[in-house]
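Novice: Before we start, here is the structure in question, set down as structure tokens.
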Amino acid sequence: MYSVLTLVLLTIPHVPFTLASAGNVRIDELLLQQDQQRYIAAADNADSPHAPWSHKPWCTHSTFLRSVGQKYCVYTSNTTGPNGISLITTPKTAARAAPLLDEDPLSHFLTQTQAETLYYNPAPYEIVDIPGKDKGVVATRLIAKFETFMIDQASVFMDLHLEQSVGEKENLKLLKMGVERLRSKEVVRELSDRHKGADGQAQAEDEVEGELEEKVMMTNSFGTTIANVAMRGVFPVVSRINHACDPSAFVLFSTAGISIAVKAYRDIQPGEEISISYLTLGQPSPKRRAGLQTRWGFTCTCALCSLPTPQRMASDLRRAMISDGEEKAMALWAAGSIREAIALAEESVGLIGDEGLEPLLTDEFALLAKLHLVLGEREEAARYGARAVELLRGYGFLGVGEEERGDGDGDGRGEKWDLESLLDLLGTRRLYDN
Ligand SMILES: *[C@@H]1O[C@H](CO)[C@@H](O)[C@H](O)[C@H]1NC(C)=O
């Protein structure tokens, strides 16, 4: 299926860096502090019997039949990342995840030059009150297309199996403790204001222990994978970015799944609110509404959801055609009707343009490259392949700094790439799905 906000599972080369800032949160300073704290923690190791965790894991056993006896615990390292990190998962997954906590988010996503640009200048965005939406993130200068302008690290991760494995009470206790043990728990707790009720009242008091933390988890987390286990992760800064069906930015996860970079899909003007899509791009309006309501707890009011009915239906029809197109093209390919498959994919390219869903073009260009390759039309295949690479590079899927390697003008490609291995690579992308 269409894989927007998808990731190529590539090892992003390690690039040395000095300092960078992620806007309001000075990640560079926090990371430096963190190094010192870790140093102190290591020196104190005799007093840290739970290393690498800063606290004794608190555990509960599953009483559910399907996972009876399985232990789930809170593992906190209050010296990792800007706020500390808590993982709520099984002992086995925690052991596998521990080495990943050392991942350095800055060098993952930024070249030295980019890191310095971000650090030596004021943050390119600010978190402000947005009428009707509580908080939002607004650009403070022009953010260029494909620029990486925000880096964030998760504070709490929750194993997706947890809910079906332990009772509600234990679940809430684990979540509460996970937040409680962080270095800056308020950064996470403050997110509960984000989704106010219809009457505009934020839930002031934590009526049932852990309820506030659970609410934050449910309405502010992103799906990610840590040590091959599906998790919900709360990324406190990225969480402030509101949803749009036609977003100006998107998130990219690090290889370890601990950190996020936010990149611009297009130029974002100073003063403009920055948006990301909380849903897989390209969904028709009924799915968007249902997804946002059930998963994130709010009504879709983005420009696309608010279109007059005839236009909305036309948009939904185009989206359905785009979505069905891939399957139909594959079926035509399987039946040997390559020309028809090409015609269909080309039609999808047009529809994607009409819907402003440029990120979906990578899949379409890759498909067209493959189809032309089947016909032995290498020149056409290479042309589509080059367009797919250009987009993937811009979206950061080819590793840090790749977008800086200019492709020149048309035929002069900056980097040599091999069509077959590129197309193999395109098959390895994983679907980002909440
Ligand atoms: C981190 O955890 C340790 C062990 O519980 C505690 O002594 C220390 O004060 C905590 N540090 C912060 C900054 O929360």
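The values are calculated or read from the model by the stated rules, or taken from the named source; none is laboratory data. For clarity, every value in this text was computed on a predicted model and none was experimentally measured. FYI the Cβ positions are ideal-geometry reconstructions off the backbone, even for glycines, and counts take in every protein chain you see. With ligands, DNA and RNA removed, areas are computed over all heavy atoms of the protein, side chains included. Shrake-Rupley method; radii C 1.70, N 1.55, O 1.52, S 1.80 Å.
Novice: With the condition kept exactly as written, say whether any residue in segment 99-117 is open to solvent by less than 60 Å² (accessible area, probe 1.4 Å), over 25 Å from residue 146 (Cβ atoms) and either in contact with a Pro (Cβ under 8 Å, 6 or more places away or on another chain) or within 16 Å of the ligand (Cβ to nearest atom) (or both).
Specialist: Yes: segment 99-117 contains one or more residues that are open to solvent by less than 60 Å² (accessible area, probe 1.4 Å), over 25 Å from residue 146 (Cβ atoms) and either in contact with a Pro (Cβ under 8 Å, 6 or more places away or on another chain) or within 16 Å of the ligand (Cβ to nearest atom) (or both).
Novice: Those residues that are away from the ligand (no atom under 16 Å from the Cβ), under 15 Å from residue 226 (Cα atoms), open to solvent by 10 Å² or more (accessible area, probe 1.4 Å) and not in a loop (DSSP other than H, G, I, E, B), I need them from segment 57-93; list them, please. Give the steps one after another, and end with the answer.
Specialist: In the first step, residues of segment 57-93 are kept if they are away from the ligand (no atom under 16 Å from the Cβ); the result is 59-72, 88-93.
Retained after the next criterion (residues that are under 15 Å from residue 226 (Cα atoms)): 88-93.
Right, trim to open to solvent by 10 Å² or more (accessible area, probe 1.4 Å) and you get 90-93.
Those that are away from the ligand (no atom under 16 Å from the Cβ), under 15 Å from residue 226 (Cα atoms), open to solvent by 10 Å² or more (accessible area, probe 1.4 Å) and not in a loop (DSSP other than H, G, I, E, B): 91, 92, 93.
Okay, residues lined up against (1) more than 22 Å from residue 190 (Cβ to Cβ); (2) open to solvent by 30 Å² or more (accessible area, probe 1.4 Å); (3) modelled with pLDDT under 85; (4) part of a loop (DSSP other than H, G, I, E, B):
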residue: 217; (1), (2), (3), (4): no, no, no, no
residue: 222; (1), (2), (3), (4): no, no, no, no
residue: 239; (1), (2), (3), (4): no, no, no, no
residue: 257; (1), (2), (3), (4): yes, no, no, yes
residue: 279; (1), (2), (3), (4): yes, no, yes, yes
residue: 295; (1), (2), (3), (4): no, yes, yes, no
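Novice: Moving on. Taking the stated definitions as given, is residue 353 open to solvent by 50 Å² or more (accessible area, probe 1.4 Å) and modelled with pLDDT of 85 or more? If you could, list the steps in order and put the result at the bottom.
Specialist: On the way: open to solvent by 50 Å² or more (accessible area, probe 1.4 Å): yes; modelled with pLDDT of 85 or more: yes.
Yes: the conditions hold for residue 353.
Novice: For segment 152-196, how many residues are within 21 Å of residue 73 (Cβ to Cβ), hydrophobic (A, V, I, L, M, F, W, C), away from the ligand (no atom under 16 Å from the Cβ) and assigned to a helix (DSSP H, G or I)?
Specialist: 4
Novice: Kindly indicate whether residue 120 is open to solvent by 80 Å² or more (accessible area, probe 1.4 Å) and assigned by the TED database to the domain that holds residue 238.
Specialist: Values: open to solvent by 80 Å² or more (accessible area, probe 1.4 Å): yes; assigned by the TED database to the domain that holds residue 238: yes.
Yes.
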